[in-house]
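Quick notes on the structure that follows.
Every number here is computed from the coordinates shown, using simple stated rules; none is lab data. The shown structure was predicted, so the numbers you read here are calculated from the model rather than taken from an experiment. Heads up, the Cβs are rebuilt from the backbone with ideal geometry, glycines too, and the neighbour counts pull from every protein chain shown.
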Amino acid sequence: MSIALSVRLPERLAKELNHVAFLAERPKSFLVQKALENYLHDQADLQIGLDRLRDASDPVISVAEMRKEIGL
């Protein structure tokens, strides 16, 4: 099931979306859906990273230690 969503875009962004949709031979809605999926995935990854950074029980190592550990 899909749900319709209405958004307002600045003219420049709307033109760019139209252009990319034309070149990709895909509907604008497809491109917006994929962009939103990627954004939400990135935000989830960012939150995981921030949660781990704030977790006092999760050890933090320096770049030098990391390089040594992986043999660089």
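Before moving on, here are some points about what is shown:
- Charged side chains reduced to their Cβ positions (Lys and Arg at +1, Asp and Glu at -1) give the chain a dipole of some 360 debye around its Cα centre.
- The slack between L23 and A35, meaning 0.36 nm per residue of separation minus the straight C-alpha distance, is 2.7 nm.
- Charge tally in the Cβ shell below 14 Å around L9, where Lys, Arg are +1 and Asp, Glu are -1, L9 excluded: +2
- For percent of Cα pairs over 16 Å apart, calculated from these coordinates, the label among [x] 54; [y] 38; [z] 69: [z]
- Around A21: net Lys/Arg minus Asp/Glu count, Cβ-Cβ under 12 Å: +2
- Electrostatic tally near I48: other residues with Cβ closer than 12 Å to its Cβ, Lys and Arg +1, Asp and Glu -1, net -3.
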